Amino acid sequence: MNRKPRVIRCPEQMHAWAKKARAAGKRIALVPTMGFLHRGHDVLMQQAQTVGDVTVASIFVNPSQFAPHEDLASYPRDLDADLARLTLLGVDAVFAPSVASMYPEGFDHYVTPTALAQTLCGKSRPQHFRGVCTVVAMLLRMTLCHVAVFGRKDYQQWRIVQRMVRDLWLDVEIVGVPTVRDADGLALSSRNSYLSAKQRLAAQILPRTLNDLACAVADGACDSATLLQHARETIAREPQACLEYIAIVDPTSLQPVTQVGLQGLCAAAVVVGKTRLIDNCELRSA
Ligand code: AMP
């Protein structure tokens, strides 16, 4: 039986816990999450345990990364289930702060990424990555972590956080974990809980299209326009899926490329019903 993780509800206590762990010579690994944990999060926790001596999972649905019309209020939450899951995994501490403790009266500073945040999801969510960077910077400082683990399912987020840490000299190692999928190919996501059974079937068009595109690239196709046109036509044949964007980009700059070189990234967002789903696949040419 694993010991229950220490549950920490405010930044001051988190910081004190982290200072103690550091003083004891521990390497602290952080996994930032918004909770409603699933198997994808488990893999991040397990990765954190291999790169750190003590693991902190944060659970915080961060208001500043949601636009007013988005799903902040309805975002799924189940702290008890999350704590049970994190106990089984053997996580050492859970940082689940209140909104008021994270954004106290007079809070006035934000971290704003620029070029990397203006492409892909940034086009429809113009303030999103500013919220993400701000809260991640705060979490990195509050937990004094040496390493933080992110999922490449949110590829753009991972790249932006990597760049923020580099640009601002935050002295934290950022690890990116490959996407964990369900048997039907759908990337695990807390938001999948919004999907009805029928919508879930329709949502499979997203990983299937990305996978077909990656196979075409592996077989020698390299013209982005042709690949994307084919992908758009495939998704258009699924009446319940509305394509927000699909793009082939350089995996570091996230800027569109006309030809897939040795490495590329295809990223897409579709809306099924009211649920916005994102996914991506890394491309390797023949
Ligand atoms: P979230 O709770 O959705 O904000 O996600 C917290 C972290 O888990 C982020 O770094 C995500 O990229 C990562 N994550 C979420 N779903 C998956 C998945 N299916 N595979 C890998 N990582 C994931």
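How about Lys26: which aspartates and glutamates have a C-alpha closer than 17 Å to its C-alpha, ignoring those fewer than 8 places off in the same chain?
Asp53, Asp92, Asp171, Glu173
Would you list which aspartates and glutamates come within 18 Å of Lys198, measuring only between C-alpha atoms, while excluding same-chain residues fewer than 8 positions from it?
Asp182, Asp184, Glu238
State whether the stretch 150-225 is rounded, prolate or oblate according to the following rule on the C-alpha gyration tensor (a ≥ b ≥ c being the square roots of its eigenvalues): a/c under 1.5 gives rounded; otherwise a/b larger than b/c gives prolate, and the remaining case gives oblate.
Oblate, since a/c reaches 1.5 and b/c is not below a/b.
For a quick protection proxy, order the peptides 172-184, 44-56 by their average other-Cβ count within 10 Å, most packed first.
Put in order of decreasing packing, that is 44-56, 172-184.
Quick check: at a probe of 1.4 Å, how many percent of the accessible area of the stretch 245-286 sits on carbon and sulfur atoms?
Whole-percent figure for carbon plus sulfur exposure: 58.
With +1 on each Lys and Arg Cβ and -1 on each Asp and Glu Cβ, and nothing else charged, work out how big the dipole of the chain is about its Cα centre, in Debye to the nearest 20.
I would put it at about 580 debye.
Taking the Cβ of Gly151 as the centre, find all other residues whose Cβ is under 13 Å away and add up their charges (Lys, Arg: +1; Asp, Glu: -1).
Taking every other residue near Gly151 into account, the sum is +2.
Under the Kirkwood approximation applied to all pairs of distinct alpha-carbon atoms, what is the hydrodynamic radius of the chain in Å?
19.8
Quickly estimate the mean residue ellipticity at 222 nm for the chain, helices only: each DSSP H run with n ≥ 4 gives -39500 (n - 2.57), and the total goes over all residues, rounded to 500.
The helix contribution divided over the chain gives -11500 deg cm²/dmol.
Can you give me the solvent accessible area of Cys215 with a 1.4 Å probe, rounded to the nearest 10 Å²?
60
At a Cα cut-off below 26 Å, give the lysines reachable from Lys123, other chains included and same-chain residues fewer than 8 away excluded.
Cross-link targets: Lys153, Lys274.
Could you tell me how far the Cα centroid of the stretch 119-162 sits from the Cα centroid of the stretch 1-48, in Å?
17
Accessible area of Ser74, 1.4 Å probe, to the nearest 10 Å²?
Rounded to the nearest 10, that gives 70 Å².
Quick one: with all protein chains in place, what share of the accessible area of the stretch 179-224 is carbon or sulfur, to the nearest percent (1.4 Å probe)?
Taking all protein chains in place, the stretch 179-224 shows 54 percent carbon and sulfur surface.
How would the stretch 205-277 be classified by its alpha-carbon gyration tensor: rounded, prolate or oblate, with rounded meaning a/c under 1.5 and the a/b versus b/c comparison settling the rest?
It is prolate, given that a/c is not under 1.5 and a/b is the larger ratio.
Which percent of the accessible heavy-atom area of the stretch 122-169 goes to carbon and sulfur, probe 1.4 angstrom?
Using a 1.4 Å probe with all protein chains present, the stretch 122-169 comes out at 51 percent carbon and sulfur.
Classify the stretch 129-286: rounded, prolate or oblate, from the alpha-carbon gyration tensor (a ≥ b ≥ c, eigenvalue square roots; a/c under 1.5 rounded; otherwise prolate if a/b is larger than b/c)?
Judged from the Cα gyration tensor, the stretch 129-286 comes out oblate (a/c at least 1.5, b/c at or above a/b).
With a 1.4 Å probe and every protein chain left in place, work out the accessible area per residue of the stretch 69-198 in Å², rounded to a whole number.
Accessible area per residue: 48 Å².
The values are calculated or read from the model by the stated rules, or taken from the named source; none is laboratory data. The model shown is predicted, which means the values in this text are computed figures rather than measured ones. Glycine also receives a Cβ, built like all others from the backbone with ideal geometry; neighbour counts cover every protein chain displayed. Just so you know, the surface numbers come from the protein's heavy atoms only, side chains and all, with ligands and any DNA or RNA stripped out. Shrake-Rupley method; radii C 1.70, N 1.55, O 1.52, S 1.80 Å.
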